[in-house]
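*Asks:* Take this structure first; my questions come after.
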Amino acid sequence: MNTPTTHVLLDLDGTISDSEPGIGKSLVHGFVECGYDAPDRDTIRSMIGPPFEVSFPKVGIHIDDVQRVIDAYGVRYNDIGLFENEMYDGVAEMMETLRSEGHTISLATAKPQDTAIRIIEHFGLSDYFARKVGATRDIGGRRTKGEVITHALHLLGVSPHDRIALDHVIMVGDRDHDVEGAHLNAIDCIGVSWGFGSHDELNGAGAVTVVDHPREVAGAVAVAYRSHES
């Protein structure tokens, strides 16, 4: 029997790159432009990762103002903020190791797909990714993280009914919604602690393990795959 292809799905913000400077400045712009107090750093970090229509009401944005604040945020972010962004040390080496070990790498992010692709191209990482999947922009119909992962699996030809194939897919991300989205698709998730989540958040959501540096990801992927084969 042929061994299934091994697929690694990578989050973007907080996993590949530190996007806090650009997102933070753009959130401040959006909030103030719409008559809200500027969010502090802790509030900003809590909003990075999940879709804004989920996180904004939790920090005091009225539901009727969510789209207006998103639009004001986007005016600055889509012009300037998306490039106020740095790749974490060790990520380039992580990508090369994953590829050299025969894994197929795909992007699975809750960030709008067109923006995510611009950032990946900016970092010169496009050639590493077999698929690049992100959210759509239509509020109310935007893909959740679970739906992003579902779409990535579809593009990779992984059936939701093929247990052997699903055991050879793993998500890597820094927030609880990465773990929860993976579980909705019956796959495991490796948590990373260098982003915007914590060990407690990731372990509480059910991450199979949490790693502290990009150099540890390939080893954690190998262990996760072996656990399904034993």
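The values are calculated or read from the model by the stated rules, or taken from the named source; none is laboratory data. All values reported here derive from a predicted model rather than from experimental measurement. Positions of Cβ are generated from backbone atoms using ideal geometry, with glycine treated the same way; all protein chains shown enter the neighbour counts. Accessible surface areas use protein heavy atoms only, side chains included; no ligands, DNA or RNA. Shrake-Rupley method; radii C 1.70, N 1.55, O 1.52, S 1.80 Å.
*Asks:* Protein chains only, probe 1.4 Å: how do F83, F56, F123 rank by accessible area, largest first?
*Replies:* Numbers: F83 80, F56 0, F123 40 Å².
Listed by decreasing accessible area, they come as F83, F123, F56.
*Asks:* Calculate the translational D of the stretch 95-186 in whole µm² s⁻¹ from Stokes-Einstein, where the hydrodynamic radius comes from the Kirkwood formula applied to all Cα pairs, the temperature is 4 °C and the viscosity 1.567 mPa s. Write down the numbers at each step before the final one.
*Replies:* On the way: Rh = 13.7 Å.
Diffusion coefficient, whole number: 94 µm²/s.
*Asks:* Volume per residue, Å³, of the convex hull around the alpha-carbon atoms of the chain? Don't skip to the answer; put the middle values down first.
*Replies:* Numbers: hull volume 26.0 nm³, N = 230.
So the per-residue Cα hull volume is 113 Å³.
*Asks:* Ordering V54, V69, V28 by how much accessible area each has at a 1.4 Å probe, largest first, what is the list?
*Replies:* Output order, biggest surface exposure first: V54, V28, V69.
*Asks:* Working from Cα positions, state the angle (0 to 90°, nearest 10) between the long axis of helix 66-77 and the longest principal axis of the chain.
*Replies:* Once rounded, one gets 80 degrees.
*Asks:* Please work out the Cα center distance from the stretch 137-216 to the stretch 100-127, rounded to the nearest Å.
*Replies:* With the stretch 137-216 and the stretch 100-127 each reduced to a Cα centre, they are spaced 15 Å.
*Asks:* Sticking with this one: Which trypsin sites (Lys or Arg not before Pro) does the stretch 42-93 hold that lie in a coil by DSSP with at most 14 other beta carbons within 10 Å?
*Replies:* Filter output for the stretch 42-93: empty list.
*Asks:* Which loop GluC sites (Glu not before Pro) in the stretch 61-109, with loop taken from DSSP, have no more than 16 other Cβ atoms within 10 angstrom of their Cβ?
*Replies:* Those satisfying the criteria are E101.
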